[in-house]
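The values are calculated or read from the model by the stated rules, or taken from the named source; none is laboratory data. The model shown is predicted, which means the values in this text are computed figures rather than measured ones. Every residue, glycine as well, gets a Cβ built from its backbone with ideal geometry; the counts of neighbours run over all protein chains shown. Keep in mind that these areas ignore ligands, DNA and RNA; they rest on the heavy atoms of the full protein, side chains included. Shrake-Rupley method; radii C 1.70, N 1.55, O 1.52, S 1.80 Å.
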Amino acid sequence: MSNVNLTRVSAEHNEWIKGLDFYKEDLRVLVHRLEEVSQRNNSEETRKGIEHFQNQFIIQRNNIEELTHKIREHISQVGRDPGLETWQLESELLADHENLLDEYITLEKVINDLRKEYNLFVVRCE
């Protein structure tokens, strides 16, 4: 049975939540900038790009909310872990924690790639 220190897990949870809050705010800024682009340029190609990014921003905002919810549920599960007295997590919760880490890393990559794609789009529209 594999165990991990609860302090490390709690720190990671906090880091992930802060990171997701950052990405949520970043998407708000990108949406605002997209509105500015749509006001300045209304070519068909630009409209298609705007629609694409609007959809992607909605999807990623939903993904952020879903992952935030999963992390908060995991925090709650960790709090109910009987191994808490020993400051260790049981292997099942540890596996869940590692899966959440993978999801967080994947979401970070998707959002960063989307931001890069969006910035290239904005440059082409100017």
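Within the set ARG8, ARG28, the sole residue that is open to solvent by 90 Å² or more (accessible area, probe 1.4 Å), modelled with pLDDT of 90 or more and on the phi < 0 side of the Ramachandran plot turns out to be ARG28.
Against the list (1) at pLDDT 90 or above; (2) surrounded by 12 or more Cβ atoms within 10 Å (Cβ to Cβ), the condition ASP113 fails is (2). Considering ARG72, ARG61, ARG33, ARG47, the condition of being within 15 Å of ASN119 (Cα to Cα) and basic (Lys, Arg) is satisfied by ARG33 alone.
Taking each residue of region 101-126 that is farther than 17 Å from ARG33 by Cα and looking for partners that are open to solvent by 50 Å² or more (accessible area, probe 1.4 Å) and not β-branched (Val, Ile, Thr) with beta-carbon atoms closer than 7 Å, six or more apart or interchain, yields LEU107/ASN63.
For region 3-30, what are the residues that are of a type in the set (Val, Ile, Thr) and either closer than 30 Å to SER91 by Cβ or in contact (Cβ under 8 Å) with a residue 60 or more places away in the chain (or both)?
Looking only at region 3-30, we keep the residues that are of a type in the set (Val, Ile, Thr), and these are 4, 7, 9, 17, 29.
VAL4, THR7, VAL9, ILE17 - these are the residues of region 3-30 that are of a type in the set (Val, Ile, Thr) and either closer than 30 Å to SER91 by Cβ or in contact (Cβ under 8 Å) with a residue 60 or more places away in the chain (or both).
Within region 52-64, residues that are surrounded by fewer than 17 Cβ atoms within 10 Å (Cβ to Cβ) have Cβ atoms under 7 Å from residues that are assigned to a helix (DSSP H, G or I) and of a type outside the set (Phe, Trp, Tyr) in these pairs: GLN54/LEU34; ARG61/LYS24; ARG61/LEU27, counting only partners at least 6 apart in sequence or on another chain. Take the residues of region 31-50 that are under 21 Å from the mean Cα position of the chain (by Cα) and either free of Cβ contacts under 8 Å to residues at least 40 places away in the same chain or within 30 Å of SER91 (Cβ to Cβ) (or both): which is most open to solvent (accessible area, probe 1.4 Å)? The selected residue is HIS32. In region 50-73 there is no residue that is among the hydrophobic types (A, V, I, L, M, F, W, C), in contact with a Leu (Cβ under 6 Å, 6 or more places away or on another chain) and not in a helix (DSSP H, G or I).
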